[in-house]
Amino acid sequence: MSQSKGNESGAEPLAREHFRLTLDGMDHIVPIAAGETLLQAALTAGIDAPHSCTQGRCGSCMSWLRSGEVSMASTKALSKRKIERGYVLACQALPWSPEPIWLDFDL
Ligand code: FES
């Protein structure tokens, strides 16, 4: 079990990291492996995060990125305006920056 203290060097991609997730008024610290989407990591951690298609099409995993940055392979279910406001699709979201990620499903 890795208990790394974060990316002090800031040089390496997010291999093993954690992110903060808010759902139904509860905060969770979710471990995430390299290449995992935020949704995959949440489900692996036993968090019943909203989702359906997992393909970026239905929008049921739409959530708000309160901090950090993600990359998304597909944003089909998001309008440009929602993207500008910081909404993401958790099923498509891969950590993209060393900044702490906070994903909020309580829209
Ligand atoms: S689960 Fe359908 S868009 Fe993410």
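The values are calculated or read from the model by the stated rules, or taken from the named source; none is laboratory data. The model shown is predicted, which means the values in this text are computed figures rather than measured ones. Ideal geometry is used to build each Cβ from the backbone, glycine not excepted, and the neighbour counts take in all protein chains shown.
Using the structure shown, decide if W102 is modelled with pLDDT of 95 or more, out of contact with any Asp or Glu (no Cβ under 6 Å at 6 or more places or on another chain) and surrounded by fewer than 17 Cβ atoms within 10 Å (Cβ to Cβ). Yes. As a summary of the residue check, A11 satisfies the conditions (1) surrounded by 12 or more Cβ atoms within 10 Å (Cβ to Cβ); (2) modelled with pLDDT under 95 except for the one numbered (1). With respect to T37, determine if the residue is of a type in the set (S, T, Y) and under 10 Å from the mean Cα position of the chain (by Cα). So T37 fits the description; yes.
Within region 22-87, which strands (runs of 3 or more DSSP E) (wholly inside it) include 3 or more residues that are within 14 Å of F105 (Cβ to Cβ) and more than 10 Å from the ligand (Cβ to nearest atom)? Passing ranges, in order: 26-33, 62-67.
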